[in-house]
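Please read the structure below before turning to the comments.
The values are calculated or read from the model by the stated rules, or taken from the named source; none is laboratory data. None of these values were measured; they are calculated from a predicted model. So basically every Cβ, Gly included, is an ideal-geometry build from the backbone, and we count neighbours across all protein chains shown. Surface accessibility is based on the protein's heavy atoms, side chains included, excluding ligands, DNA and RNA. Shrake-Rupley method; radii C 1.70, N 1.55, O 1.52, S 1.80 Å.
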Amino acid sequence: MKVIIPLCILFCFSSAAAQNQQDSIINKLVIATSDSIDIKSLSQSMAKMLPEKMIYLKGEYHDMKSTGRSLRSIFIALHEIKGVNYMLSEYSHSYLFCYNLFLKTGDLKILATWDDQLGLDSLSLKRYYYNMISLYKYNLKQSSSNRISFVGIDIDLQNTSTRTNVQRDYLNAIKYLRKYSLRPLPGEINDLFEKILNSNDYQILSGLTFRLKEVSKMHVPELLACFGDFYKDYYLIVNSVKQFRGIHREEELLENFKIAFDGILKTNPDLKPRFFGNFGSYHASIEKKYSFASILDKSKDFRNNVAFIATGYYNSLSTYDKLKPVIWQGAAITGLSSKDQLEANRLVEETAGKVDKQLILMGNFKQLPSGKLDFLKRYDAFLIYNGFK
């Protein structure tokens, strides 16, 4: 006697089996979860699971409601567990110098000099100040050789910059470098500072800065004595200024990172610096052949010394278009094939649906069997923001 099983029943069985398999995969990949965006233990779990590298890169989509709200916890966890002292950013260092000044002095007026360009609402501005004050207090507890600071490697003073305040940032940086100099600046360098501060023409500023760069090479010991810990800031600000944008932006980021690295070692030759970078998804994507992440990982000085953290969002608010905010969901991994992007988005959706927490950390990707999620094996962690509106 033949047994005839309706196709609908077979479909239900196969669908259930597939769902059980997906649930099993999710259970194996989820490392930690949190109801709070600032949770310390989740950040520490991620730091512990990441491999020992010099650089830890995290991708994000800008203008997400959740953007930046977990960075302080991640930075501190990486500092405590992996010895990371520097946070890399897409800002120019002329701008981020204000962060380092504040971490050294605790003077909120310094932040106020720069912060009007942030475009933050009152709640976000309060959170920004809270995070900076928390980092300042955290730094006070560290030894002088173990303190954290910021490194901006994006475009600095250039006439092609899209940031309208970049010239103002540069002049602020020069003004405060002179103000906090520990001793009088060498003669011609002091004269160049004076001329720069009395100019508002881009071409003149650029020419003066190029002269400053050349003269500084002859006065390294004196400038180290003048600027102390801020010498690395001076070195990066002056040396990252370019008259023309003759190379791809990703190569510019790498070039500025190398300048920053060199400046850090000139300030402290015995240091073995480690970095945490939070960048837009394109820059931090290992999938893109010419992204900052890819060329950094393949470069002679930093080859195979980068850990990669992917990001996903589910039911999270994007204010990229401030007139038309949208709820966004999916994986912020730029450069995936359409098929892999579909699987990445599906994983974000199913994980967020199964694990009802605001923050979900996934890992152990190299243990995955070959299949649809092979692209995850190129990443060391996957952080999902769930329901930030």
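Here are the numbers:
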read-out	value
Residue within the range 85-100 that is open to solvent by 10 Å² or more (accessible area, probe 1.4 Å), at pLDDT 95 or above and among the hydrophobic types (A, V, I, L, M, F, W, C) present	yes
Matching residues, the range 274-292, being crowded, with 22+ Cβ neighbours inside 10 Å and either under 13 Å from His248 (Cβ atoms) or free of Cβ contacts under 8 Å to residues at least 24 places away in the same chain (or both)	His283, Ser291, Phe292
Single residue of the range 323-369 satisfying the filter (in contact (Cβ under 8 Å) with a residue 40 or more places away in the chain and open to solvent by 50 Å² or more (accessible area, probe 1.4 Å)) that is farthest from Ala284 (Cα to Cα)	Lys354
Of all residues making up the range 33-61, the number that are open to solvent by 20 Å² or more (accessible area, probe 1.4 Å) and touching a residue at least 40 places away in the same chain (Cβ under 8 Å)	10
From Asp229, Asp297, Asp301, residue being assigned to a helix (DSSP H, G or I), within 24 Å of Glu52 (Cα to Cα), in contact with a Lys or Arg (Cβ under 8 Å, 6 or more places away or on another chain) and open to solvent by 10 Å² or more (accessible area, probe 1.4 Å)	Asp297
Long-range neighbours under 9 Å by Cβ, at least six apart or interchain, first residue farther than 15 Å from Asp380 by Cα within the range 293-306, second in a loop (DSSP other than H, G, I, E, B) and open to solvent by less than 30 Å² (accessible area, probe 1.4 Å)	Leu296/Phe302
Number of positions in the range 110-154 that are at pLDDT below 80 and assigned to a loop (DSSP other than H, G, I, E, B)	4
Checking Leu185 against (1) in a helix (DSSP H, G or I); (2) at pLDDT 95 or above; (3) open to solvent by less than 40 Å² (accessible area, probe 1.4 Å), the condition it does not meet	(1)
